[in-house]
Each structure stands twice: as structure tokens, then as C-alpha cells.
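Q: Below you'll find the structure I mean.
The values are calculated or read from the model by the stated rules, or taken from the named source; none is laboratory data. Everything quoted here is computed from the prediction, not taken from an experiment. Please note: Cβ atoms are built from the backbone with ideal geometry, for glycine as well, and neighbour counts cover all protein chains shown. What goes into the accessible areas is simple: the full protein's heavy atoms, side chains included, and nothing from ligands, DNA or RNA. Shrake-Rupley method; radii C 1.70, N 1.55, O 1.52, S 1.80 Å.
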Amino acid sequence: MLRIVPGSDKDIDELRRTLGEVRVPLEAIAGVAFEPARKGGHLRLRLRKGADALFDVAAGALGPPADPYRLAVPKARVGAAEYFADEIRDTLTVYQTPGGPCDDYLLPVPDVPISASAGDGAALFDGERVRLEWTGWASTEKEKAGPQEFPLSDVSGVEWKPQSGMGYGTLRFRIKGEAPSARPPQKDLRCVSWGIQRFGGATALVAAAVLARLPREQPELPAAPPPVADDVHDAVLRRLAELGQLHRSGVLTDEEFATAKQAMIRRLQES
């Protein structure tokens, strides 16, 4: 299990603050990469399709500091971040975790009722009905039409996009039997839109809550190959040697070294 805990910074993004701690099971992880940058970099976690409703609905459009799966790494901790990414990759190999789509969510879906507001409206979802209420920033068309409400059974899809450049951020619902709207988001009665907040507060969590409760196709998963004992032992022993080298060079602290070493020893005993 991988725990992702939001920082204590008072300026933490609203979505991360609302989401709180995220616990990611190993079998939900498809891959991990460290992305270097001038002042450090980012550690990006990639999940299997269908493992997490938020990851699926955001479709990679969330960025720091809102994305719980893309963590900023200061320059002083780049070495540890690179080691951590290698450790996750080796663990996925040792345990032969599948990389294809999931037939069920592996992370908890957002609880209901849930609501979020941004820009011209607020979206509310109680598990059975979606309701859109307009704020003082709404267009004349939306104000005249009044609040919009529709049962979940009428919803065929939900889309979420962040604000970008001169474009609007949007939380848009597709309704069965209705053609996709060609109207701009500020006039679309199935859409909450915003032009200032980059990620629209916690609107992505509302989108995830709705997506998680829509029916979806059940993919056929290929059978995972059985683990090979020799490969497992070789991978674990190699990581133990690398741990010692990283500790001696000062990349890992005493505490990080001890924790990682114990995890690798347990893995060797289980194989």
C-alpha cells in the first residue's frame, strides 16, 4: 500500500485538501516516473485504467498542486525520489502486478452527497440525482433557465477539464438522448464553467463521484504470468546492494535506509 499525504502548507490546493490522504494499493499502479526539472522535479504515479475514478475523469489534466499523483520534489530530495521510483518499479516486477484495465475500482470512490462550486455554478450530487445551481457569475441564459436537475439514470457521461489559457474550465454532463451541445460552456445548461480557478476547486471530485456510479463495460483481463523465483531473488538482492550504496553516499537517511531494507528482507522471505 502506498500512502500519499497532503502537505501542511496553508496554501494547499482545495482539491487536495478535500481529498485528504490517498491510499493506493500496489495492484492499482501501472507505472511511476521521476520527471526532473531545474528546481527539482516531480514524481508521477500512473494508475491502471478503471482503478480510480478521479484519475480516469481527470485524464492527466490535473497538475501540481492539485494532482495527488504528481508530487513536487525539491532539489535536495531528487536522489531519494529517483530511488523511490525505482523501488516501486521493482516491487511491481517482483509481485507481477497486472498493468491492464481493472474490472472494478481499487481505490475508494468519493462519498455522497458531494458538492463543489466554481465560476458560474455549483454541482451537487446525492448518489441519485445531479443538480446544477447558478451563481451571480452565470450568464443570462442560465439565470433565466434556473437550476437544472436530472436523475443519474439519465446521465450517459461526465467530462471535466481545467481552465487553460483563454478557455473555460468545465464540468459537463452528457444526457441520454441529447446530442452533444455546441453551445459555449457559459451558456450550456448541462455545464458548470469557470474562467479564473485553474482546477475549479473540488469539481473534479464531483465528476469522479458521478463517473464511479455510472455503469461501465467490464474488460477482460489477461492472466498474470506466475512469478519466477530466481528473478524475484535477483531483483531483491540487487536492490539490497543498491540500498547500501545509497545509504553510504548520503542519498538515504538512516531511517529511510532501515525502513527500505526491512521491506526488501520481508519481500525476500515471502518469495
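Q: Taking the solvent-accessible surface of protein heavy atoms with a 1.4 Å probe, what is the per residue accessible area of the chain in Å²?
A: 55
Q: Using alpha carbons only, how many degrees (0 to 90, rounded to 10) separate the axis of helix 229-248 from the longest principal axis of the chain?
A: 90
Q: Please compute the contact order of the chain in relative form: average sequence separation of alpha-carbon pairs under 8 Å and at least six residues apart, divided by the residue count, as a percent. Kindly include the intermediate steps, with their values, before the conclusion.
A: Numbers: 468 pairs, mean separation 48.6, N = 271.
It comes to 18 percent, rounded to a whole number.
Q: For K176, give me every one of the aspartates and glutamates with a C-alpha distance below 18 angstrom, ignoring sequence neighbours fewer than eight places off in its own chain.
A: Correct list for K176: E128, E149, D154, E159, D188, E217.
Q: I'd like the carbon and sulfur percentage of the solvent accessible area for the stretch 50-162, probe radius 1.4 Å, heavy atoms only, ligands and nucleic acids excluded. Don't skip to the answer; put the middle values down first.
A: Numbers: 2770 of 5300 Å².
Whole-percent figure for carbon plus sulfur exposure: 52.
Q: Relative to the first principal axis of the alpha-carbon coordinates of the chain, what is the inclination of helix 203-212, with its axis defined by its Cα atoms, in degrees from 0 to 90 and to the nearest 10?
A: Orientation of helix 203-212: about 80 degrees from the principal axis.
Q: Gaussian network model of the chain, Cα springs within a sub-10 Å range: biggest mean-square fluctuation belongs to which of L47, L71, L19?
A: Highest fluctuation of the listed residues: L19.
Q: Something else now. So what's the back-of-envelope 222 nm ellipticity for the chain, counting only DSSP H runs of four-plus at -39500 (n - 2.57) apiece and dividing by all residues, rounded to 500?
A: The helix contribution divided over the chain gives -9500 deg cm²/dmol.
Q: Report the residue, chosen from G250, G195, G41, that carries the largest GNM mean-square fluctuation when the chain is represented by alpha-carbon nodes joined by springs under 10 Å.
A: Taking springs between Cα atoms under 10 Å, the residue moving most is G250.
Q: Turning to a different aspect of this structure: Shape call for the stretch 4-138 from the C-alpha gyration tensor, a ≥ b ≥ c root eigenvalues: rounded (a/c under 1.5), prolate (a/b greater than b/c) or oblate?
A: Oblate.
Q: If you don't mind, there's one more thing I want to ask. What percent does the relative contact order of the stretch 111-173 come to when contacts are Cα pairs within less than 8 Å and at least six residues apart?
A: In percent, rounded to a whole number, it is 21.
Q: When the dipole is taken about the Cα centre of the stretch 127-196, and only Lys, Arg (+1) and Asp, Glu (-1) are charged at their Cβ, what size is it in debye, to the nearest 20? Please list the in-between numbers first.
A: Working: 11 positive and 9 negative charges, 29 e Å.
It comes to approximately 140 debye.
Q: Near the amide H of L47, under 5 Å away, which other amide H atoms are found, from residues 5 or more places off or on another chain, if H is placed in the peptide plane?
A: Excluding prolines and chain starts, which carry no amide H, the hits are A30.
Q: Let me ask something else about it. Go ahead and set up a Gaussian network model of the chain, Cα springs under 10 Å, then flag whichever of W137, W160, W194 fluctuates most.
A: Answer for the Gaussian network model of the chain: W137.
Q: Within the stretch 38-131, list the GluC sites (Glu not before Pro) lying in a DSSP loop whose Cβ has at most 14 other Cβ atoms in a 10 Å radius.
A: Sites meeting the loop and neighbour criteria: E128.
Q: Now for a different question. With a ≥ b ≥ c taken as the square roots of the eigenvalues of the C-alpha gyration tensor of the stretch 23-102, please select rounded if a/c is under 1.5 and otherwise prolate if a/b is larger than b/c or oblate if it is not?
A: In terms of gyration-tensor shape, oblate.
Q: Classify the stretch 151-197 as rounded, prolate or oblate from the Cα gyration tensor: take a ≥ b ≥ c as the square roots of its eigenvalues, call it rounded if a/c is under 1.5, otherwise prolate when a/b beats b/c and oblate if not. Write out the running numbers ahead of the final one.
A: Working: a/c = 2.76, a/b = 1.97, b/c = 1.40.
Verdict is prolate for the stretch 151-197.
Q: Excluding residues fewer than 8 places away in the same chain, name every one of the lysines whose C-alpha is closer than 23 Å to that of K144.
A: K144 reaches K187.
Q: Sticking with this structure for a sec: Output the 0 to 90 degree angle, nearest 10, between the alpha-carbon long axis of helix 254-270 and the longest principal axis computed from the alpha carbons of the chain.
A: 80
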